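Presented below is the structure to which this report refers.
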Amino acid sequence: MADKLHIITQNLQEVLNEQIIKHVIEVEQRPLKIYWGTAPTGRPHCGYFVPMTKIAHFLQAGCHVKILLADLHAFLDNMKAPLDLVAYRVKYYERIVKSMLTSIGVPIDKLTFVIGSTYQLSEKYTMDIFRMSSLVTQNDAKRAGADVVKQVESPLLSGLIYPLMQALDEQHLDVDAQFGGVDQRKIFVLAEEYLPPLGYKKRAHLMNPMVPGLTQGGKMSSSDPNSKIDLLDNAKTLNKKIASAFCAPGVVEGNGLIAFVEYVLLPISKLSVTNIGDEKLLVEKEAKFFIDRPEKWGGPIEYSSIEQLKEDFASDKLSPQDLKQGISDALNKLLDPIREEFNNDPSFKELEAKAYPPPVVAKQAKKKEKVLGSKYLEAMEAKKKRETEKTPGVAATGDSVDEVAAKVIETTITE
Ligand SMILES: N[C@@H](Cc1ccc(O)cc1)C(=O)O
């Protein structure tokens, strides 16, 4: 049983109310009910392997895991997902998340996907938002969302509703615990404080660290295309991005590549599936990270612990180039089945195109730049302005800058 708790909490940065988890496992002796929420905004990238690895652990420990596809949250966060695209993005996220989990060897039959709007529009939930809005001050709601909701010059009311709903989701999804990045901490604390006065129980909160971007320092972000590796990037693009990634020799601290080995590649290599009767169970095997190092630099090497890798890197026994080689190889292996599924399934491709309409209109429009003249410039101004502030008309077009420009231009063309 101590084992289960260890599997559930390993590799996390922080756990709040661990006693709730212990009670469920040791006293109630039933599976822990836990959820992870994701707002379907930008395209999921390789950074998503970090929470996926934890979801694998939860399943390994026999938890009942729900994944919330928080469509309304994606809209409430500065309309990052406009309402006409969000349904497609929900489907795309579900497919890609399933595909990622399958790729890392996780049986997904024990996993439940829930779409936020399927219960968040009910009378009971709506009433709970109102009840909660009469307890939480505007200031507290604002602060709770500060690390999650996009911060703009003229903040919209929707950004205050967002954290309240995330807190209420714990009750309405009927879970014991919520899992998320440590960036969700302030919302988690809000939930702990305000669910009890509403007559609901306090939940446990599990947080994984923010793993720096694979290609640069800092958090992987879906809004900067160079800071992330898309799950559908081909091997050539991936290799190029990893090869040009920032990775100072000998520096372990803040090194996104090493963090990726620590939080994704090594833990994933430990997972193995066995069949017990009809049941597929995840069990642990020895961790392995293999680098096909050229003979002249010492030949192939295999790491079974991150400590050893860090030590070798810090003492220059392992070069950035060789580390990158190992990561490119491992990542390509993880992405291959996802790419294959995407390339062989027209419905997957169609979904992707609908969820993230290609910026062709913007390209066509660029050609028409001369014809359009000032209207194009206006569109570009609007695009720039949106980076610091939300203009409602423009914001409704999506979260990528290209998309915004495309839509503005599309409107000007069809006008
Ligand atoms: N806040 C989460 C998404 C989320 C939304 C609602 C929840 O109940 C949980 C999580 C994010 O930043 O992606």
I need the full set of residues from the stretch 176-199 which are within 10 Å of the ligand (Cβ to nearest atom), outside any helix (DSSP H, G or I) and not polar (S, T, N, Q), in order please.
PHE179, GLY180, GLY181
Run down LYS280, LYS270 and say which single residue is within 20 Å of MET52 (Cα to Cα), surrounded by 14 or more Cβ atoms within 10 Å (Cβ to Cβ), free of Cβ contacts under 8 Å to residues at least 24 places away in the same chain and basic (Lys, Arg).
LYS270
Please work out if THR118 is part of a helix (DSSP H, G or I), within 15 Å of the ligand (Cβ to nearest atom) and of a type in the set (S, T, N, Q).
yes
Checked the stretch 143-185 for anything over 15 Å from ARG203 (Cβ atoms) and among the basic types (Lys, Arg); matches are ARG143, LYS150
Result of the Cβ filter at 8 Å on the stretch 143-166, keeping first residues that are more than 13 Å from LEU190 (Cα to Cα) and partners that are surrounded by 15 or more Cβ atoms within 10 Å (Cβ to Cβ) and among the small types (Gly, Ala, Ser), at least 6 apart or interchain, is VAL149/GLY159; LYS150/GLY159; GLY159/GLY145
Please name all residue pairs, on different chains or six or more residues apart, with Cβ atoms under 6 Å, provided the first residue is in the stretch 59-74 and is closer than 25 Å to LEU281 by Cβ and within 16 Å of the ligand (Cβ to nearest atom) and the second residue is of a type in the set (S, T, N, Q) and in a strand (DSSP E or B).
LYS66/THR112
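Taking the condition buried (at least 21 other Cβ atoms within 10 Å of the Cβ) and either without any contact (Cβ under 8 Å) to a residue 24 or more places away in the chain or of a type in the set (Phe, Trp, Tyr) (or both), does TYR119 pass?
No, not satisfied.
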Could you list all residues from the stretch 305-353 that are of a type in the set (A, V, I, L, M, F, W, C) and outside any helix (DSSP H, G or I)?
LEU318
For LEU160, the lone unmet condition from (1) within 13 Å of the ligand (Cβ to nearest atom); (2) surrounded by 16 or more Cβ atoms within 10 Å (Cβ to Cβ); (3) not β-branched (Val, Ile, Thr) is (1)
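We did not get these values from a lab; they are worked out from the coordinates using the rules stated. These numbers come from a predicted model, not from an experiment. Neighbour counts run over all protein chains shown; Cβ positions are idealised from the backbone, glycine included.
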